[in-house]
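Remarks on the structure that follows.
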Amino acid sequence: MENTPDAVEIVRWMRKPGDKPIIKFVTFSILAVILWLVLMIFMAALRSFIPAAIFTAVFAAILTIPTVAAQRSLMRGLAKRINDTLAELTGSSDDKVSTKQLRKLIKSGEQVSLLINGVPGLRLHVKRVASAKEDGSEKLLAIITVAPVSSGTASFDRLLEAALYGAR
């Protein structure tokens with residue numbers, strides 16, 4: 001994120017997005033193959049390729065569903081918090097970020113410019129950041145900043161006051 005020296009950070013959230021579903025699915029698939037090999041000894045019906053493939057896919061999918069649900073819940077919660085804050089800052093409930101837009105912002109790293117009572121200067125930036133810990137986990141970082149407009153610091157002061165204290 002390109003920070004200008006006179007930009008003011010208003011809100012910052014950090015959340016761990018959780019495990020990646022595809023990695024969980026592959027892990028559970030390997031576990032399912034091992035379980036299938038053991039079950040195949042006792043059940044003759046599992047000694048064919050098609051039942052083995054179906055068993056592996058269903059077993060892995062069922063165990064991966066909670067991971068997918070947790071990620072969707074996290075994205076919905078983050079989008080709701082961002083939308084609540086944007087509605088409070090901009091004075092308009094029209095500026096909303098959907099979960100689809102949020103995912104796009106995370107992937108692209110671009111910023112969304114918004115208006116505060118018709119004055120430009122509010123920016124939303126969401127990105128993934130690596131953790132400094134050794135586990136290598138990453139977090140989602142959502143930042144809302146107010147930057148001065150090209151017309152000078154007087155209008156920036158009004159913009160900052162409108163963002164922090166609302167329109168009067």
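Looking across region 40-63, the residues that are open to solvent by less than 90 Å² (accessible area, probe 1.4 Å) and without any contact (Cβ under 8 Å) to a residue 24 or more places away in the chain come down to 40, 44, 45, 46, 48, 51, 52, 53, 55, 58. Among the conditions (1) within 18 Å of residue 21 (Cα to Cα); (2) open to solvent by less than 30 Å² (accessible area, probe 1.4 Å); (3) modelled with pLDDT of 80 or more, residue 74 misses just one, which is (2).
For region 85-122, the set of residues classified as under 28 Å from residue 68 (Cβ atoms), open to solvent by 80 Å² or more (accessible area, probe 1.4 Å) and not polar (S, T, N, Q) consists of 96, 100, 103, 104, 107, 110, listed by residue number.
Restrict the check to region 51-70 and report whether at least one residue is polar (S, T, N, Q) and either modelled with pLDDT under 80 or assigned to a loop (DSSP other than H, G, I, E, B) (or both).
For region 51-70, residues polar (S, T, N, Q) and either modelled with pLDDT under 80 or assigned to a loop (DSSP other than H, G, I, E, B) (or both): absent.
There is no residue in region 124-133 that is open to solvent by 90 Å² or more (accessible area, probe 1.4 Å), touching a strand residue (DSSP E or B) at 6+ places or on another chain (Cβ under 8 Å), assigned to a helix (DSSP H, G or I) and at pLDDT below 80.
Contact map, region 21-37: residues that are under 14 Å from residue 68 (Cβ atoms) paired with residues that are open to solvent by less than 50 Å² (accessible area, probe 1.4 Å) and of a type in the set (D, E, K, R), Cβ distance under 9 Å, separation 6+ or inter-chain. No pairs are found.
The values are calculated or read from the model by the stated rules, or taken from the named source; none is laboratory data. In this text the structure is predicted, and so the values were computed from the model without any measurement. Because the Cβ atoms are built from the backbone with ideal geometry, glycine has one as well, and the counts that use them run over all protein chains shown. Just so you know, the surface numbers come from the protein's heavy atoms only, side chains and all, with ligands and any DNA or RNA stripped out. Shrake-Rupley method; radii C 1.70, N 1.55, O 1.52, S 1.80 Å.
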